[in-house]
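Below is one structure, written out as structure tokens; comments come after it.
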Amino acid sequence: MERFDEAVRELEALFRAGGVAVSSPDAFDAWALRCFAVQYDGCDPYRALCDARGVTPANVDRWEDVPAVPATAFKHLDLVVGAPEAAELVFRTSGTTAGPGGRGRHYVSRAGLYRAACVTAFRSHLLPDGVRPHLLSLVPSPGDAPHSSLSHMMGMVAEELCSASGWYVDGTGSLDVEGFVEAADRAEAPVVVAGTAFSFVHLLDALSARGGGVVLPSGSRVMETGGFKGRSREVSRDDLYGMVHTLLGVPPVRVVNEYGMTELLSQLYEPVLTMGEAGRGLHRPPPWLAVRALDPVSLDPVPEGSVGLLAFFDLANLGSISHLLTQDVGSVTPEGVRLTGRLPGAEPRGCSRAMDELLAASS
Amino acid sequence: MSGRKEPEPFRAWEVPPGARDRLAGHAAFDGVPGVLVPALDPASVREIVDRLAAARDALHSAPVREIARHLGRVGERFLDPGGDLRADALSWISPFSGLSPDMAAAVLDGMASGWTVAALSALLDAEFRDPSVLDRFLPSSAPRLSSLRAMGPRFCFQVVAGSVPGVGTTALIRSLLVKSPTLVKPGLGDVALPVLFLRALREEAPALADAAAVLYWTGGDRALEDAVLGAADLTVVYGGDETVKALRDRMPPSSRLVAYHHRVGFGIVGREGLGADEVGRVVTEVAGSVAFFDQRGCVSPHVVYVEDGGSTSPSRFAALVAGALDAVGRALPIGDMDEIEVSAVQQLRGTAEMLSAAGKGVELHTGRAASWTVVLDPGHDLNDACVGRVVLVRPVADAGEVPALVAPRGAYLQTAGVAGCGTRTAGLAEALARVGVTRVTDFGGVAFPPPWWLHDGEGPLRALLRWTESDV
């Protein structure tokens, strides 16, 4: 554990500094191998897999060769460095319909490392202008949804990066539209509104029904995450952003999509606030998150820019498993990741679904 | 200059001659090479529907036995080894469905065996004490009713999923047997057969064919669907829950819905089927039931519960099924799988590999690429929703535990393949019926139920009918 704690301290500082120290492939590989060594030593089921494949920290030198685990394995095994009881946080994948094996869980050994990763990435994509905004959250507060990684993230963002915060969806999914409108009307400086795509639809429908929207102060921005699959009301992205513009007064070029999953402690964002519309459809990983696309059948890497299953190596996952095979499809270039959409058949692992079910149930 | 003729494109529609000018044109379809799809708008679809509905009187002027004979004669042409209709079918099933050519041929054989004159005659006899109740009033056997007449819908809309080729043709046959003008909207995987069937029926019996049309459009086109939903007094949907719900929510309150929604199949193998004499046959049949339709059928099993304590352990049984799936794959190769399907298999395989390495008793057997996968799942908790020849073998102490294990699936349960339960089979069938299973059969019968099977628990023709009673 000493080696682990030392790595946690170093990585935390590295993330806080923006991650430049791992922007070169060699530096990333060096850190990836440190993560692998920690995880091989500290996580029994992972070590068993690696041993069965004959891959150990002694015989790999690239992150790509470190054994990847499928995201669904988090449902079946405690994939954590050290004892699960010792983890500082436990997140659960969304979905009230517990599928086979129940809900996935991600043990977060060291909350500070997670905080450094989340806050740094959020700041560079949502607050590149150095604004310290008021947060209007359509995500339940961490107190209301203690096992939601999205709620926890927004809680940390509120503490570190925002001047004030208000939470307008509670743990039962009920939306406080009057509270939201009041806060929006009072706001004089730029705000950030954050929520799942579905929670925005819910809010915007409620604003329409109420007879009109609000006009958020100039410079305000929106963070939106997740999709609509299986929801009672599906809205295209263009329509949603159009409604955000009309009813909140935030133009599409200030709406940032976030891509994340419970099993991955780092997030990717559309760099629209820094690149403008050119950043639309592109998701940027932080420097400590490597991505590649794999052929769905052979799991061999596909050529740059070709579509495949996405595999991530996340240094922020130091305390669990860094190398993850997802069910998401997209293409990868040096610019970032272009998602071709969550696989419709994939079980929901984003945050959108459970929250959405709550909203649907209460509406 | 090559003298070779361009291959004829496949037109993904078939409408009566008088309705052909209602089609605004057609376009090449990017989903399947060499295919043209009709250019449709709600008004033209509605005009086609009206024209079909107008052919109802002609349908009613023919006795049902005669209709069945015409349909059966067309169906038999799909089984004629040297026939042009079979050749056309075989050349188009694979491009639409993604099934391998060998599997396409096997599926056609299995499906078309239910479309023969004899099979359709047997279907009528299984459904009705006297099938001429579809032609006229007949004296009722019930004490308080004097006479009864069976009436098919005035207009029937058949929306077919496309996961199994042939289902749309069976749907069309059922509609015409109950003398109902019908529009079939096939799913992409099942376009070829109903189109070819209806074209051949036009040669065989034009007046009958004038009451039916097949039109392909990309699923979920609300304007086109609404044009038909508003005219149909019966809509039959084969498809996922979301498809069923989307259509049901938009139907007029006066029209009826028959929904063949998502279903799950499973199997049970008892100790008596695990002895040296028996197990080889059982394993072959289990593998066949999994492999047919590349496991996309509502009948296809995804989990097989195997009793502990037999001469063959569940672990050994899983290994034998793996070998049998490999053998099936050589004769009937697996077809195309999309990224969604393959991705789910990769997640399952990777998770099984980890659980196995972690000493959880999971055993993983895999074929080349994603061709087949067998997992021994002692914890009963792996994802059983995969398709593409993926089967979980779950040990149970006693077959009698299985009904309670599957009960949570309730309304989704359909076919249970059962082997090796000896004298316990009847009691097991009773318990399975109580939890919602609608069909208990041996594994050899799983893939191709006979035409008169109780499809999801209802007579396939009776489900379409309304009855008129008369005591005058």
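Bear in mind that the values in this text are calculations on the coordinates, not laboratory data. Quantities reported herein were computed from a predicted structural model and do not represent experimental measurements. With ideal geometry, Cβ positions are generated from the backbone for all residues, glycine too; neighbour counts draw on all protein chains shown.
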Considering amide H positions built from the backbone, and no H for Pro or chain starts, which residues 5 or more places from B:Arg439, or on another chain, come under 5 Å of its amide H? B:Ala416
Helix B:64-77 sits at what angle to the longest principal axis of chain B, using alpha carbons and giving 0 to 90 degrees rounded to 10? 60 degrees
When a/c is below 1.5 the answer is rounded, else prolate if a/b is larger than b/c, else oblate, so apply that to the range B:368-464 with a ≥ b ≥ c taken from the square roots of the Cα gyration tensor eigenvalues. oblate
Between beta-carbons, use under 13 Å as the cut-off and find the net charge around A:Cys162, counting Lys and Arg +1, Asp and Glu -1. +1
Let me have the relative contact order for chain B, percent, based on Cα pairs under 8 Å that are six or more residues apart. 17 percent
Sequence-distant residues sharing a close amide H with B:Asp233 (under 5 Å, placed H): B:Arg154, B:Phe155
Based on DSSP H runs of at least 4 residues, each adding -39500 (n - 2.57), what is the mean residue ellipticity at 222 nm of chain A after dividing by all its residues, to the nearest 500 deg cm²/dmol? -10500 deg cm²/dmol
Treat every Asp and Glu Cβ in chain B as -1 and every Lys and Arg Cβ as +1, leave all other atoms uncharged, and give the resulting dipole magnitude about the Cα centre to the nearest 20 debye. 860 debye
If Lys and Arg each add +1 and Asp and Glu each add -1, what is the summed charge of the other residues whose beta carbon sits under 14 Å from the beta carbon of B:Pro395? -3
Any chance you could give the angle, 0 to 90 degrees and rounded to 10, that helix B:117-127 forms with the longest Cα principal axis of chain B? 80 degrees
Only bridges with both residues in the range B:264-445 count here: give the DSSP antiparallel percent, nearest 5. 15 percent
Neighbourhood charge, 14 Å Cβ-Cβ cut-off, centred on A:Ala187 and excluding it, Lys, Arg +1 and Asp, Glu -1: 0
By the Cα gyration tensor axes a ≥ b ≥ c (a/c under 1.5 gives rounded; else a/b larger than b/c gives prolate, otherwise oblate), the shape of the range A:121-270 is rounded
Over chain B, the sum of -39500 (n - 2.57) across DSSP H runs of at least four, divided by residue number and rounded to 500 deg cm²/dmol, gives at 222 nm -12000 deg cm²/dmol
Cα gyration tensor shape of the protein assembly as shown, rounded if a/c is under 1.5, else prolate or oblate by comparing a/b with b/c: prolate
On the principal axes of its Cα set, how long, how wide and how thick is the range A:1-81? Give whole Å, largest value first. 35, 25, 22
When DSSP assigns beta bridges and you keep just the ones with both residues in the protein assembly as shown, what percent turn out antiparallel, to the nearest 5? 45 percent
